[in-house]
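The values are calculated or read from the model by the stated rules, or taken from the named source; none is laboratory data. Since we're looking at a predicted model, the values are computed, not measured. All Cβ positions, glycine included, derive from the backbone under ideal geometry; neighbour counts span all protein chains shown. Surface areas here come from the heavy atoms of the whole protein model, side chains and all, with no ligands, DNA or RNA. Shrake-Rupley method; radii C 1.70, N 1.55, O 1.52, S 1.80 Å.
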Amino acid sequence: MVNLHGSTVLRAGRYFVPLLFPACFTLWMLIFFQPPTAILRVSFQPTLSLPEQRVVDATPTPALPERREIIDTSPSQPPPPLEGRETVIASPPPPPPARRAKTETPSSPPPVAVTTDRCAGRYIYIHDLPRRFNVDLIRDCRSLCDWTDMCKHLVNDGIGPRITRTGGVLPSTGWYDTDQFTLEVIFHNRMRRYDCLTTDASRAAAVYVPYYAGLDVGRYLWGFSNELRDALAEDLIEWLRSSPAWAAHGGRDHFLVGGRITWDFRREDGREWGSRLFLLPEVTNMTTLAIESSPWHRNDVGMPYPTYFHPSRAAEVASWQRAVRRARRPWLFAFAGGTRGHGTDRNVDSNGVVRDAIIEQCAQSRRCGLLRCGARGQRNDCYAPGNVMRLFKSATFCLQPQGDSYTRKSAFDAMLAGCVPVFFHPGSAYVQYRWHLPADHRKYSVFVPEDGLRNGTVRVEDVLRRISAREVAAMREQLVRMIPSIVYRDPRATSGLGLRDAVDVAVDGVIERVRRIKQGMPLSDDGMGLWYGYFHRQ
Ligand SMILES: *[C@@H]1O[C@H](CO)[C@@H](O)[C@H](O)[C@H]1NC(C)=O
Ligand SMILES: *[C@@H]1O[C@H](CO)[C@@H](O)[C@H](O)[C@H]1NC(C)=O
């Protein structure tokens, strides 16, 4: 469900997110030097791309006055410090992206020499990190979280205990009580059995750093010193820099996976939330995967939240897909979640408003199934996998407003249940999961801009009723086909399962990204083109 770890957590994370908006808007203006209409036109071209190095390596920027102006429109927010990452913006605008990418990407692949190596171009090297960076954290699982029993959730290679009381909703195999913050453990265990590992880093297409960044920082998010939050991350960087594999590309062929949202690793100067891991210069050279990525940082890529389903055989997936296709869906729409605070922070407040509107509209409609979650920290119906999946499997649409941050685990539970997600902000999916979700969001989801809920002019039910049965069927079929690639298969399963899961998709994405970096090619679209207006406005 929403965030098991309570809303204070991410609210703090959210607090500085809005401060990034103006900077980013400026960034896009500079990069494109085109009127918005032009951006709209190119936004769905898959080849739209920007050379990342320019963004990374740039020097101070002339854009600050403009940025300040945008900030000043929000009187309740003091402008953030002007130094820091924002100064990255300044490099000269790249040539028109779409065209350039085309000339550089041959339309048909060049002839490849016949090879018998089925792993050619797919080798991964895994850094053999000292235990303090990963397995020791699991050994000390009691200290990871005060209110969730992480020892219980970390069993079975990170997917948690098997669900035995399935209440007739879930199949008797393949379902586990998975905590939403265990991705890095699941990923590591999947990679250990990756079929093209190499012990020779120079042969590797990409280098994986199996550091459990989220478990590490998760221990110190509430009430510890910044030194403690950053200690292991800094230790890691020192270790990496002295490893032979680092030098070849300055870490630009490296990637790591954080099982928490990116804001937990982006403590900007003057802020009090999270570690600085993702801000360390070495880490900005790497590809960073997390369950919520930063729309402003092009080396950040979103990974699906782990759901409760971890198939170990293709037949388990096929059988679930059949069940989802056949499910009777008496509810037109559904919502599972709780209210959000109406604090003094302007943005938290406005999210609370949207949540309230959604809960109220759902409660008042005879066609909406509502699963209300209680006060934070309180385990209740919402956290019982069977309850959630039962509701989502009996609804056509599932409402997915922002949580404490842009994204929610619930969106993936919904998709897994074949329930068409309704998003209210593009940050909740469209700019996040660019490797795992179709580029055309209309194929699998409905978008209802949250403004209409804030000002009370939009009834969600009216919007959804206007969508034809044929359109619904097409979206649901798309979701059913996406199921394998948004779930994490059981890491203990032996390979050769004929299942391409979220890890396989991510590894391919990393390999392709690193290949482009090594060859100095422009990187592919980050999906922001159409949406940037939704980000700078808040
Ligand atoms: C990032 O990569 C570049 C290019 O390989 C390298 O020159 C630079 O030293 C790297 N940065 C760090 C902090 O290692
Ligand atoms: C409410 O928001 C919608 C969507 O942004 C907008 O089109 C409409 O004009 C707004 N109505 C009022 C009364 O502000």
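Tell me the label-point distance for the pair Arg442, Arg118, using the 7 Å Cα-to-Cβ offset, in nm and rounded to one decimal.
With each label placed 7 Å out from Cα toward Cβ, I get 4.1 nm.
Using heavy-atom solvent-accessible surface (probe 1.4 Å) with all chains present, what is the largest-first order of Tyr125, Tyr305?
My answer, sorted largest first, is Tyr125, Tyr305.
Report the normalised scattering of the range 355-506 as log10 I(q)/I(0) at q = 0.08, 0.10, 0.14 Å⁻¹, calculated by the Debye formula with identical scatterers on the alpha carbons.
Summing over Cα pairs of the range 355-506 leads to -0.24, -0.37, -0.73.
Applying a 10 Å radius around every beta-carbon, put 507-517, 281-291, 166-176 in order of their mean neighbour count, most first.
Those peptides, ordered most packed to least, come out 281-291, 507-517, 166-176.
When the chain is fully extended, how far beyond the present Cα-Cα distance does Asp128 get from Ala473, taking 0.36 nm per residue of separation?
Taking 0.36 nm per residue and subtracting the Cα distance, the gain is 119.5 nm.
Tell me which residues come under 5 Å, amide H to amide H, from Leu197 once H is placed; ignore anything under 5 positions away on its chain.
Amide H neighbours of Leu197: Ile124.
Using the heavy atoms of the protein chains alone and a 1.4 angstrom probe, what is the accessible area of the range 323-494 per residue in square angstrom?
38 Å²
Counting only protein heavy atoms, what percent of the accessible surface of the range 114-214 is carbon or sulfur at a 1.4 Å probe?
Percent of accessible area from carbon and sulfur atoms in the range 114-214: 47.
Could you tell me what percent of the accessible area of the range 371-477 is made up of carbon and sulfur, with a 1.4 Å probe and every protein chain present?
Carbon and sulfur together cover 48 percent of it.
For the range 323-494, give the magnitude of the charge dipole about the Cα centre (Cβ charges: +1 Lys/Arg, -1 Asp/Glu; no others), in debye to the nearest 20.
720 debye
Take the Cβ-Cβ distance between Asp462 and Arg500 as r, set R0 to 45 Å, and report the resulting FRET efficiency rounded to the nearest 0.05.
0.70
How much length, in nm to one decimal, is gained on full extension between Asp140 and Asp356, taken as 0.36 nm per residue of separation minus their Cα-Cα distance?
Computed gain between Asp140 and Asp356 is 73.8 nm.
Between Arg193 and Arg328, what FRET efficiency follows from the Cβ-Cβ distance if R0 is 41 Å, with the result rounded to 0.05?
It comes to 0.60.
Convert each backbone phi in the range 363-371 into a coupling constant with the Karplus relation 6.51 cos²θ - 1.76 cosθ + 1.60 (shift: θ = phi - 60°), then list the ³J(HN,Hα) values in order as whole Hz, x for Gly and Pro.
Computed from phi, the couplings for the range 363-371 are 4, 7, 9, 6, 9, 10, x, 10, 10 Hz.
Hey, what do the phi angles of the range 159-164 turn into as Karplus ³J(HN,Hα) couplings, whole Hz, using 6.51/-1.76/1.60 and θ = phi - 60°, x for Gly and Pro?
8, x, x, 5, 7, 9
Fully extended, how many nm does the chain gain between Asp451 and His249 (0.36 nm per residue separation, minus their Cα-Cα distance)?
Computed gain between Asp451 and His249 is 68.2 nm.
Ser319 to Glu227: FRET efficiency via 1/(1 + (r/R0)^6), r the Cβ-Cβ distance, R0 41 Å, to the nearest 0.05?
The computed FRET efficiency comes out at 0.20.
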